[in-house]
Amino acid sequence: MKFSVVQADIKDQAVDCLVVDWFEGESAPARAGAWVDKALDGALQALVAGGDFTGKAGTTALLYTNGKLNAPRVLVVGLGKVAKYDNRAARMAAATAGRALTRLKGIKSFASVVPGAGEGPLSPWQAAQAFAEGIVLAFYQPPLYKREAADPRPETCVVVDFHGERLVEFQQAIADGQAIAESANTARDLSNEPPNVLNPVEMAARARAMAKRVGLRCTVLGESEMASEKMNILLAVSRGSVNEAQLVILEHRPAKSKNAPPLVIVGKGITFDTGGISIKGSERMEEMKHDMSGAAAVIGAMEAIARLDLPQRVIGVAACVENMPDGNAFRPGDILTGMTGKTTEILSTDAEGRLILADALAYVKRFEPAAVVDLATLTGAIGIALGSLAAGLFYNSEALKDALLHASDRSGERLWPMPMYEEYMEFIKGDMAEVKNSGGRGGGVATSAKFIEHFTEGYPWAHLDIASTAWTTADKDAVNPKGATGYGVRLLVELARAFDAATIPALSEGEQGA
Ligand code: BES
Ligand code: MN
Ligand code: ZN
């Protein structure tokens, strides 16, 4: 997709389709639409007056121009109520237009204004960024293993600004939005790839190739290097697999902040989760190819952070492991000692995400992080609690929580704060080892987070359980088509972009956890 931003009148554009917006409850189209309406002898007004189109969010209508304009079609898109036109609504409206365009025949080019850049609560910059994100996310297509070609997608989008006052601002905001959404699509690609293709070694290779392309430092540790680091809990999860585990470390280190305490993001990268010896039922087990979505989000976010060339220092760590049953696999009952020296008893080899995170989170201590955020498809229970509408947010730092909620607002990727009561620690106290890797059904989400916190070693930290938001079995909305959603990339980029280490105080004694 190529965006160009021009000073022009939308009605003159010689493209395959014009996109015209309509706020719900308005009796006339805004600015640009009015000229299109006039050229069409009031066809837009008639559409609304007739009650067939109301401007409700998520709706579209199509008109043919019959030679009255240079473009053969006009797509009318409902923006919803002006007062509710926030970041999320703007992205959704653009994606609604994008999805409608993909369903029309032969659209190679289209033109649009930046909807809501003048009205509603959004700044022109935010409106333009959200517009580009919505379009690029809606045009996503997963990797295709078929001999036929994929459906073609529109190639160019002409963004018009009638007065031309905001050309530069729009250009920059659209470039940002495009980079962010393309990076979310990178994460989607990784999660959608079949598990025989995307094993830990392939995942590391793709991260390395991306790093080279965008200019990130990349280091990959194999199993022998991880053994030297005593990452024996992570390595135990990998033991049943013939595919070697990989720890991918990506660093964005701008000259100005090269010694600043970094923001560190860590992702669970189980490239396939069979459950191991505590094997899962076979129903929908194929979906466990996306159990690396946390790591995919980290890799995608690092791509965007490099492409935007953010001034903040950010380190991304992807812990890539396959969880398989085998004669050499780890077992329930095993007691393991990882990098921190803390011991854990295995109750279920299917509670493997928290195990690999235990060592990955111990590893990142060496970066002296200002804050650490991990993302993991950790528990089925988070979907029982929140459905697929929000990821669960666990944290030991109020300041980091606030920064994440701000990023959530900007990105439209919802988070909901969850409790971390001390008492949950009792649920996972081990008999022979310090902790056990499952606390039973009650409070299952909270105890998984408590287990991870036990291995965090004193830095401000947050954990995002994305098990119910990283994947959708059917088209969820215009932004999120069936399959991997890329959840977390946009959120992490907005977190990094606004990140200021000075606003995240070191943990007090009381916040250090158990
Ligand atoms: N990868 C799964 C969690 C999951 C479930 C992700 C559904 C995406 C969709 C995780 O490793 C797991 O198996 N969790 C167990 C934990 C239990 C054994 C304590 C679960 O949630 O049942
Ligand atoms: Mn599991
Ligand atoms: Zn898992």
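Among the candidates A351, A391, which residue alone is of a type in the set (G, A, S), within 25 Å of G442 (Cα to Cα), more than 16 Å from ligand 2 (Cβ to nearest atom) and touching a residue at least 60 places away in the same chain (Cβ under 8 Å)?
A391
Considering only the range 432-452, state which residues are open to solvent by 10 Å² or more (accessible area, probe 1.4 Å), modelled with pLDDT of 95 or more and either closer than 24 Å to R366 by Cβ or among the charged types (D, E, K, R) (or both).
The answer is E434, K436.
In the set T503, T473, T469, which member is modelled with pLDDT of 95 or more and crowded, with 22+ Cβ neighbours inside 10 Å?
Exactly one of T503, T473, T469 is modelled with pLDDT of 95 or more and crowded, with 22+ Cβ neighbours inside 10 Å, namely T469.
When the range 242-278 is examined, which residues are found to be within 14 Å of ligand 2 (Cβ to nearest atom), touching a helix residue (DSSP H, G or I) at 6+ places or on another chain (Cβ under 9 Å) and on the phi < 0 side of the Ramachandran plot?
K268, G269, I270, T271, F272, D273, T274
Which of the residues belonging to the range 416-467 are more than 27 Å from R331 (Cα to Cα) and assigned to a loop (DSSP other than H, G, I, E, B)?
Within the range 416-467, M418, P419, M420, Y421, E422, E423, G458, Y459, P460 meet the criteria.
Would you check if A319 is within 15 Å of ligand 2 (Cβ to nearest atom), in contact with a Gly (Cβ under 7 Å, 6 or more places away or on another chain) and open to solvent by less than 10 Å² (accessible area, probe 1.4 Å)?
yes
Among P311, P332, which is open to solvent by 40 Å² or more (accessible area, probe 1.4 Å) and within 16 Å of ligand 1 (Cβ to nearest atom)?
Matching residue, one of P311, P332: P332.
Is it true that some residue in the range 181-198 is part of a loop (DSSP other than H, G, I, E, B), in the same structural domain as Q246 (by TED's automatic domain parsing), surrounded by 15 or more Cβ atoms within 10 Å (Cβ to Cβ) and in contact with a strand residue (DSSP E or B) (Cβ under 8 Å, 6 or more places away or on another chain)?
Checked against the condition, which is being part of a loop (DSSP other than H, G, I, E, B), in the same structural domain as Q246 (by TED's automatic domain parsing), surrounded by 15 or more Cβ atoms within 10 Å (Cβ to Cβ) and in contact with a strand residue (DSSP E or B) (Cβ under 8 Å, 6 or more places away or on another chain), the range 181-198 yields at least one hit.
Restricting the search to the range 302-319, which residues are among the charged types (D, E, K, R) and within 17 Å of the chain's Cα centre (by Cα)?
Selection gives E303, R307.
Taking the range 224-234, which residues are outside any loop (DSSP other than H, G, I, E, B), in contact (Cβ under 8 Å) with a residue 40 or more places away in the chain, under 26 Å from N196 (Cβ atoms) and more than 16 Å from ligand 1 (Cβ to nearest atom)?
M226
Any chance the range 239-254 includes a residue that's within 30 Å of A502 (Cβ to Cβ), modelled with pLDDT of 95 or more and within 16 Å of ligand 1 (Cβ to nearest atom)?
Scanning the range 239-254 turns up no residue that is within 30 Å of A502 (Cβ to Cβ), modelled with pLDDT of 95 or more and within 16 Å of ligand 1 (Cβ to nearest atom).
Within the range 346-370, can you find the residues that are among the charged types (D, E, K, R), in a loop (DSSP other than H, G, I, E, B), open to solvent by 10 Å² or more (accessible area, probe 1.4 Å) and within 15 Å of ligand 3 (Cβ to nearest atom)?
D350
Is it the case that the range 279-286 has a residue that's touching a residue at least 12 places away in the same chain (Cβ under 8 Å) and crowded, with 17+ Cβ neighbours inside 10 Å?
no
For a quick check of your reading of the model, give me the residue pairs whose first member lies in the range 455-475 and is in the same structural domain as T271 (by TED's automatic domain parsing) and free of Cβ contacts under 8 Å to residues at least 40 places away in the same chain, whose second is part of a loop (DSSP other than H, G, I, E, B) and surrounded by fewer than 24 Cβ atoms within 10 Å (Cβ to Cβ), with beta-carbon atoms closer than 6 Å and at least 6 apart or on different chains.
A474/K482; D475/P481; D475/K482
Conditions first: (1) touching a Gly at 6+ places or on another chain (Cβ under 7 Å); (2) assigned by TED's automatic domain parsing to the domain that holds E286. E133 passes all but one, so which condition is the exception?
(2)
For the range 438-487, name all the residues that are within 16 Å of ligand 3 (Cβ to nearest atom), closer than 30 Å to G58 by Cα and among the small types (G, A, S).
If the condition is that a residue be within 16 Å of ligand 3 (Cβ to nearest atom), closer than 30 Å to G58 by Cα and among the small types (G, A, S), then A467, S468, A470, A484 are the ones that fit.
Residues in the range 371-386 that are part of a loop (DSSP other than H, G, I, E, B) and either within 17 Å of the chain's Cα centre (by Cα) or closer than 21 Å to T219 by Cα (or both): how many?
Counting residues in the range 371-386 that are part of a loop (DSSP other than H, G, I, E, B) and either within 17 Å of the chain's Cα centre (by Cα) or closer than 21 Å to T219 by Cα (or both) gives 2.
The values are calculated or read from the model by the stated rules, or taken from the named source; none is laboratory data. For clarity, every value in this text was computed on a predicted model and none was experimentally measured. Backbone-built Cβ (ideal geometry, glycine too); neighbour counts: all protein chains shown. Only protein heavy atoms, including side chains, enter the accessible area calculation; ligands, DNA and RNA are left aside. Shrake-Rupley method; radii C 1.70, N 1.55, O 1.52, S 1.80 Å.
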